[in-house]
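Notes to accompany the following structure.
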């Protein structure tokens, strides 16, 4: 027992205390770790009963929010937002808070494992020397063109290392992907910005400076792009300027959590968002007088309202508010981007901003970047999967992404993986992809890692958020960067870096001479110490409103599959793409339905009545690509011709809290893409079949449905 | 600002609203987005057990704070009411207190909050029955015992050493993060000063990305809570019951 609770190594790094910095600035990388000492002899900056705090970065999504981790006697106790980080300014979301349940999760991969593509985590443990030798053998054995890297959405130091490594070897650059980036429609946003403003940047919607906001499907308060930053902005919008409360309207077919706080939620026919945006633009331009922007000139407002199934009066009311506003702003996101006409829809909303808004900007570029490097779109992933399938890739390294779960089944990743000779996963958790791998060489959890990550949106600053270990590794993991560096050295690709820390310092070097950053330091060791103390380095960026080419914008009709109902899959606001393994996230109620621990199908009560299904009846949802079964939730705020299913559950692995729970709506997606290459998943149509089964959902809101009491009385 | 002698506060007795030492909370429902950050922050800070799907379905989940929401109207003119974070209202005259046969739920004299003394609690659940806000949760099992919930064996490393881990048969509820109050008071006392407004806050308020939750001294007119309460559009839930809730909800907007 003493062994179990004995205090682990402390890292000799700057915490938040200013005094520590002075001590540390002289330390080179050699002094990174304090040697393990008996319990009686505390490291000098630790006291019984006193906490030590470490600034780092949240890795639960790609937003790069800063964290301050409270540790006590070597254990991480609580995470708080880092007040200095411009992205979140001291705030966190639900997923960030539970990152500790990932760190101390009972289902982590505890050692390097020869997995051998077994169905469960039954592979034999290895030691790290053999693991490094295995990687180096692979680097030697295969030609550079036969080696591929697949990584997560967030552009971090490991991505830079893999980029350098593949560059040195002559292999193709690492591919980044995540389910969230697919649901966010990043390729669509960037493509539309390229076409309208000549730059493939992500947009930055400055809610804080706006007073009337109209959103077309954007779920910006949930998981979209940088939810904490947008929630901060939303709060400012509501607090208002000169005590005038800002207004917020949402157009979407199914009331999302974001839509639920809108002053007016207007249901429209999926795929007509762009048309409505143009109609709104025309009404606003007419109300304001002056010349009619070309984008809105040709749209017929009455026709648009009819096509979208929106009351004309509602459109007029919103247009009037928008026209009156000092700082109106239009946002686009969510399923609106995931139609065949997603790029045009985005352009229509951008045109609305270009014509009327002073709160719309292109996101500042991250430090050291000249252009926004977006993650791979679903179409690019589809091509990547085809490459795997062809057998052209002999060795695949996977880090920070779980494609067997995060890529729609229709892209055929699992089958393609069979044609790859050697698959190495660096997963911290035994996720679906890790189990399909030949080896699992687990990386540290984010709270045990060094690193940095570029933030792409959410702040009016150019942000490089820093990571440092708050605790020593809890299980026998090794930094993937160290594995790659050691293996590369063994394989004869000499890198000028001894280890991960040296690599990070090497990359930070370029920022030392730059003036006007959040701190200044004379040389790299001092810079690194400050970087760790403040949790990153950032530089104020002047937000410039982009100038648009005043061209015409079309709103073509969205294409749909054959089927009875529109399908709206949405990322679970509580689970996100990778939260299902954390028990407290599972037990956190979905904001709009209050369902916990499972997947549900949202159906309008009227529709359900016609179909003859009630709450908790299990229905089968069938699309052209697949089918799933889940319990019905009668959702009052959804169009009668639409059904909605949350994404986040449906794991077959990924630990005891995730596996065998709920279904994955991505199984219903076909392989159709929009013009930017994003998956046109919102074009999927489905039919609903009764199964006669009942599976009660656990809900926070009432006991109805569990005891079976009161069923049928509520509507 | 009023000076507070902690030794003097509470001399008036537990059931009377003391003028001094009052901690309170303001929740702006117009800002709340329902994001649940407060819920998980609270769980992480206060070692709250998770109970699993089945028990959660039976209404046994242990949330100290939950986000309520109600529906109005029918499609297409359907509206969701403002999200309403619901937690222990720290009533000045708390209905839970007089019914406890073990004096396990009492008013603390120094902080003027409604405290739950776990080692006195015998699990009659009378307090839970009598709470009009339904914010007390009962440990039906030893959820946080690794012999029963094996996952706790590793998850317990995250537990906050400042907060007790509760056992089966114990009632629990929001404590206004009393461990944080004490820490701030101790620190201020050792530095010979008073706790400054905003020096510390509860876990829920700290996490809230919309700044919808504000915590502080309601007996200090300068504090942000007092100023928000003075804005005039605040309501206290079920105040007609005479509970003297310490949480004020701002329901502006719309």
Of all residues making up the stretch A:48-73, the number that are within 11 Å of chain B (Cβ to nearest Cβ), more than 23 Å from residue A:579 (Cβ to Cβ) and not in a loop (DSSP other than H, G, I, E, B):
1
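Give A:189, A:237, A:158 a once-over and let me know the one that is in a helix (DSSP H, G or I), within 14 Å of another protein chain (Cβ to nearest Cβ) and touching a strand residue (DSSP E or B) at 6+ places or on another chain (Cβ under 7 Å).
Residue meeting the stated conditions: A:237.
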Return a yes/no flag: does the stretch B:75-82 have any residue that is within 17 Å of residue A:257 (Cβ to Cβ), in contact (Cβ under 8 Å) with a residue 40 or more places away in the chain and not in a helix (DSSP H, G or I).
yes
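Of all residues in the stretch A:608-629, how many are touching a residue at least 40 places away in the same chain (Cβ under 8 Å), within 14 Å of chain B (Cβ to nearest Cβ) and either assigned to a strand (DSSP E or B) or crowded, with 21+ Cβ neighbours inside 10 Å (or both)? Break it down into steps so the answer makes sense when it comes.
Initially, the stretch A:608-629 is screened for residues touching a residue at least 40 places away in the same chain (Cβ under 8 Å), giving A:609, A:611-629.
From the residues that got through so far, the ones that are within 14 Å of chain B (Cβ to nearest Cβ) too are A:609, A:615-616.
Now restrict to residues that are either assigned to a strand (DSSP E or B) or crowded, with 21+ Cβ neighbours inside 10 Å (or both): A:615-616.
Total satisfying the criteria: 2.
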Test of understanding: among A:595, A:632, which residue is touching a strand residue (DSSP E or B) at 6+ places or on another chain (Cβ under 9 Å), buried (at least 23 other Cβ atoms within 10 Å of the Cβ), outside the structural domain of residue A:269 (by TED's automatic domain parsing) and free of Cβ contacts under 8 Å to residues at least 60 places away in the same chain?
A:632
Could you name every one of the helices (runs of 4 or more DSSP H) located completely within the stretch A:288-347 that has at least 3 residues being under 11 Å from residue A:273 (Cα atoms)?
A:301-308
Filter the stretch B:224-235 down to the residues that are in contact with a strand residue (DSSP E or B) (Cβ under 8 Å, 6 or more places away or on another chain), away from chain A (no Cβ under 14 Å) and surrounded by fewer than 17 Cβ atoms within 10 Å (Cβ to Cβ) and list them by number.
B:235
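Right, residue B:252: on the phi > 0 side of the Ramachandran plot and touching a residue at least 12 places away in the same chain (Cβ under 8 Å) or not?
Details: on the phi > 0 side of the Ramachandran plot: no; touching a residue at least 12 places away in the same chain (Cβ under 8 Å): yes.
Judged against the criteria, residue B:252 is not a match.
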Got a sec? Which helices (runs of 4 or more DSSP H) wholly within the stretch B:107-204 have at least 3 residues that are within 17 Å of the chain's Cα centre (by Cα) and within 26 Å of residue A:51 (Cβ to Cβ)?
B:178-190
Quick one: residue A:640 ticks every box in (1) within 14 Å of another protein chain (Cβ to nearest Cβ); (2) part of a loop (DSSP other than H, G, I, E, B); (3) farther than 25 Å from residue A:271 by Cα bar one, so which box is it?
(3)
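On the given criteria, is residue A:655 part of a loop (DSSP other than H, G, I, E, B) and either modelled with pLDDT of 95 or more or on the phi > 0 side of the Ramachandran plot (or both)?
Working: part of a loop (DSSP other than H, G, I, E, B): yes; either modelled with pLDDT of 95 or more or on the phi > 0 side of the Ramachandran plot (or both): yes.
Spelling it out, residue A:655 is indeed part of a loop (DSSP other than H, G, I, E, B) and either modelled with pLDDT of 95 or more or on the phi > 0 side of the Ramachandran plot (or both).
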Considering only residues that are on the phi < 0 side of the Ramachandran plot and out of contact with any helix residue (DSSP H, G or I) (no Cβ under 9 Å at 6 or more places or on another chain), which ones fall in the stretch A:187-203?
A:190, A:194
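For the condition out of contact with any helix residue (DSSP H, G or I) (no Cβ under 6 Å at 6 or more places or on another chain), in the same structural domain as residue A:171 (by TED's automatic domain parsing) and part of a loop (DSSP other than H, G, I, E, B), what is the one hit in A:429, A:384? Reasoning before the result, please.
Numbers: A:384 fails: part of a loop (DSSP other than H, G, I, E, B).
The unique qualifying residue is A:429.
Is at least one residue of the stretch B:75-83 under 23 Å from residue B:215 (Cβ atoms), within 14 Å of the chain's Cα centre (by Cα) and within 12 Å of chain A (Cβ to nearest Cβ)?
As a first pass, look at the stretch B:75-83 and keep what is under 23 Å from residue B:215 (Cβ atoms): B:82-83.
Of the ones still in play, those that are also within 14 Å of the chain's Cα centre (by Cα) are none.
No: zero hits.
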Would you pick out the residues in the stretch B:26-54 that are in contact with a strand residue (DSSP E or B) (Cβ under 8 Å, 6 or more places away or on another chain), within 7 Å of chain A (Cβ to nearest Cβ) and not in a helix (DSSP H, G or I)?
B:30, B:34, B:36
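Residue under question is residue B:111, and the condition is that it be without any contact (Cβ under 8 Å) to a residue 24 or more places away in the chain and either surrounded by fewer than 19 Cβ atoms within 10 Å (Cβ to Cβ) or in contact with a helix residue (DSSP H, G or I) (Cβ under 7 Å, 6 or more places away or on another chain) (or both); does it hold? Talk me through it step by step, then tell me what you get.
Details: without any contact (Cβ under 8 Å) to a residue 24 or more places away in the chain: no; either surrounded by fewer than 19 Cβ atoms within 10 Å (Cβ to Cβ) or in contact with a helix residue (DSSP H, G or I) (Cβ under 7 Å, 6 or more places away or on another chain) (or both): yes.
No.
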Consider the stretch A:323-343. How many of its residues are crowded, with 24+ Cβ neighbours inside 10 Å and closer than 26 Å to residue A:646 by Cα?
13
Just to be sure I understand, how many residues within the stretch B:35-57 are out of contact with any helix residue (DSSP H, G or I) (no Cβ under 6 Å at 6 or more places or on another chain) and at positive phi?
2
Scan the stretch A:524-540 for residues that are surrounded by fewer than 19 Cβ atoms within 10 Å (Cβ to Cβ) and in contact with a strand residue (DSSP E or B) (Cβ under 8 Å, 6 or more places away or on another chain) and jot them down.
A:539, A:540
Give the stretch A:79-88 a look and list any residue that's buried (at least 24 other Cβ atoms within 10 Å of the Cβ) and facing chain B (nearest Cβ under 10 Å), or say none.
A:79, A:81, A:88
Have a look at A:515, A:498, A:521, A:558 and point out the one that is outside the structural domain of residue A:601 (by TED's automatic domain parsing) and buried (at least 21 other Cβ atoms within 10 Å of the Cβ).
A:558
For residue A:589, all conditions in the list (1) more than 14 Å from chain B (Cβ to nearest Cβ); (2) surrounded by 15 or more Cβ atoms within 10 Å (Cβ to Cβ) hold save one; what is the number of the exception?
(1)
Sole residue being under 30 Å from residue A:87 (Cα atoms) and surrounded by 20 or more Cβ atoms within 10 Å (Cβ to Cβ), chosen from B:243, B:248
B:248
Taking the stretch A:240-274, which residues are at the interface with chain B (Cβ under 8 Å from one of its Cβ atoms) and in a helix (DSSP H, G or I)?
A:257, A:258, A:260
Members of the stretch B:201-223 found to be within 12 Å of chain A (Cβ to nearest Cβ) and without any contact (Cβ under 8 Å) to a residue 60 or more places away in the chain, listed by number
B:201
Count, please, the residues in the stretch A:89-124 that happen to be in a loop (DSSP other than H, G, I, E, B), under 12 Å from residue B:209 (Cα atoms) and either more than 7 Å from every other protein chain (Cβ to nearest Cβ) or more than 23 Å from the chain's Cα centre (by Cα) (or both).
2
Do we have residue A:692 as more than 14 Å from chain B (Cβ to nearest Cβ), at pLDDT below 85 and on the phi > 0 side of the Ramachandran plot here?
no
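The values are calculated or read from the model by the stated rules, or taken from the named source; none is laboratory data. Just so you know, these numbers come straight off a predicted model, no measurement behind them. Cβ atoms come from the backbone with ideal geometry, glycine included; neighbour counts cover every protein chain shown.
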